[in-house]
Structure formats: structure tokens, C-alpha cells
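The values are calculated or read from the model by the stated rules, or taken from the named source; none is laboratory data. Source: prediction; values computed, not measured. Here the Cβ is made from the backbone with ideal geometry for all residues, glycine too, and neighbour counts use every protein chain on show.
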Amino acid sequence: MREELSDILRKAGYEVCEICEFGAAADTILLLSPDLVLLDLNLPGASGFQICREIKQKSPLPVLVLTSRDQMRDELHALDLGADEFLTKPCRKERLLARISNVLKRYEGRPNLLEGPDYLLDRLTYTLYIHNDSVILPKNQGKLLEAFLLHREETVTKEELCLALWDTTEYIDENALQVNLTRLKKTMAELRMGQRIVPVRGIGYRLTAAC
């Protein structure tokens, strides 16, 4: 079945990596970092549910479950774990390819994800994906990091940071801003992120590569 699916996908123009050992499947998948994971549930020595859970806990990679298990509870459980699509076998190749295309389009450009040098930030949930792990940032830290990433390595003014935090520039509370920046700096250091926040005198702050 795996060989047949690989053949179908290659003929459709996709590059395919096959996994034959499932003891550390999630780690292997995260290392490969594919555009899409096609995942069965009944696997030798591993549960597809567990693999899906581990992938989604550590990465925003899209997962399409393709399985012979057709119980509603299985589909709901897979979707609850973060699977993006659920198809039952046997499945016509046209339907499979259409679902794959739809999932890839959904993730194309990843509009809700901002990319740093060694991490991704989900703008909707402020989930930070870094070093094959995920961390949900406190809301204010997420807002600040989002503001910095939207400006890349440009300087972000104090007014812009206050707007990101409190949706207003009518006042600048230097102390409150400093408290939130200090907390974000501490989090970045603890997570060993490849960037740090530096002040730009009289203007604001910017992200730069960590020394």
C-alpha cells in the first residue's frame, strides 16, 4: 500500500519520503520537515494517533490521515489531535490527490505563521515552535514578538510596541513596556532563541542575531 501510494504521488509530481520504521516516527518526520504528512492509524509497533499527537505538539506540519478505520470516533479523535484531513481506505486516487492539494493550499504561505531564523510563531495562538518543541507564549509576549517579526530586523518604535500591546498610542507607559520586554527577553534566553532584543536609543527596539 505504501509503495502504491508513493507511486501515485510521484506520478502526480510530488517528492515522496517513505518511513518504514515507526519506533521514532514523529522524530523522523520532524527531521524531514515535509510539506505534508500522509499518516495511517494502524501501524506496526506504533499508534498513528500518538504519532499525530507528537507531530502537532511540536510542529505546525499538516497531517492527512488515510486509514481503513471508518468509525466516527476514530475520525473525531484524529481531528481532535490536530489532523487536518481524514480519509478512509479504499480511496480513489483522484479524491486523495484533491484532498492533498486542498490541504497544501490551506497551508500555502502559512499566513498565520511568522518565521524567525530557528522558530515559527503562530499569530493566532502565540504558539512558538522551536527546537522540535512548542511553547504557548503569554499574550503580551506573543504580541511583542509578533510586532518584531513583522518588522524583521527594522527598528520598532515604542509607539508601535504600545499599539501592539494595548491597541493605542495615546500614552506610552515606559515602565509597563519595560516589564513586558524584560519578560520576553527572559523567555527568549530560556528557549535559546537565535535572536535577542536590543534598544535603539531614542527610537525603540529591534531584533538582532544573538551573539
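Residue 19 meets the conditions (1) in contact (Cβ under 8 Å) with a residue 12 or more places away in the chain; (2) part of a loop (DSSP other than H, G, I, E, B); (3) not charged (D, E, K, R) in every case but one. The failed one is (1). If you go through the stretch 177-186 and pick out every residue that is over 26 Å from the mean Cα position of the chain (by Cα) and either within 13 Å of residue 143 (Cβ to Cβ) or touching a residue at least 40 places away in the same chain (Cβ under 8 Å) (or both), you end up with 1. With the structure loaded, tell me whether residue 197 is among the hydrophobic types (A, V, I, L, M, F, W, C), assigned to a strand (DSSP E or B) and touching a helix residue (DSSP H, G or I) at 6+ places or on another chain (Cβ under 6 Å) or whether it fails that test. In short, yes.
To keep it simple, each residue is scored yes or no on (1) more than 27 Å from residue 56 (Cα to Cα); (2) among the hydrophobic types (A, V, I, L, M, F, W, C).
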site: 102; (1), (2): no, no
site: 123; (1), (2): no, no
site: 131; (1), (2): no, no
site: 136; (1), (2): no, yes
site: 141; (1), (2): no, no
site: 146; (1), (2): no, no
site: 151; (1), (2): yes, no
site: 169; (1), (2): yes, no
site: 184; (1), (2): no, yes
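Put simply, of 182, 187 the only residue that is polar (S, T, N, Q) and either buried (at least 16 other Cβ atoms within 10 Å of the Cβ) or closer than 17 Å to residue 117 by Cβ (or both) is 187. Based on this model, can you work out whether residue 83 counts as closer than 19 Å to residue 108 by Cα, hydrophobic (A, V, I, L, M, F, W, C) and loosely packed, with under 14 Cβ neighbours inside 10 Å? Judged against the criteria, residue 83 is not a match. Here residue 205 meets each of (1) out of contact with any helix residue (DSSP H, G or I) (no Cβ under 8 Å at 6 or more places or on another chain); (2) at pLDDT 90 or above with one exception, condition (1). Within the stretch 168-176, one or more residues are assigned to a helix (DSSP H, G or I) and surrounded by fewer than 13 Cβ atoms within 10 Å (Cβ to Cβ). Restricted to the stretch 7-31, and to residues that are touching a Leu at 6+ places or on another chain (Cβ under 6 Å) and surrounded by 14 or more Cβ atoms within 10 Å (Cβ to Cβ), which residue is modelled with the lowest pLDDT? If we take residues in the stretch 7-31 being touching a Leu at 6+ places or on another chain (Cβ under 6 Å) and surrounded by 14 or more Cβ atoms within 10 Å (Cβ to Cβ), then 22 is modelled with the lowest pLDDT.
Sub-7 Å Cβ pairs linking a first residue in the stretch 54-69 that is within 17 Å of residue 100 (Cβ to Cβ) and assigned by TED's automatic domain parsing to the domain that holds residue 86 to a second residue that is in a loop (DSSP other than H, G, I, E, B) and of a type in the set (A, V, I, L, M, F, W, C), at least 6 apart or interchain, are 55/61; 62/36; 63/83; 64/36; 65/41; 65/83; 66/91; 67/41, ordered by first then second residue. Listed conditions (1) in contact (Cβ under 8 Å) with a residue 24 or more places away in the chain; (2) under 21 Å from residue 91 (Cα atoms); (3) part of a helix (DSSP H, G or I) are all met by residue 38, apart from (3). On inspection, residue 59 does not qualify as of a type outside the set (A, V, I, L, M), surrounded by 12 or more Cβ atoms within 10 Å (Cβ to Cβ) and over 30 Å from residue 146 (Cα atoms).
Does residue 133 satisfy the criteria of being within 18 Å of residue 207 (Cβ to Cβ), under 12 Å from the mean Cα position of the chain (by Cα) and not assigned by TED's automatic domain parsing to the domain that holds residue 62? Here the answer is no, as residue 133 does not meet what is asked.
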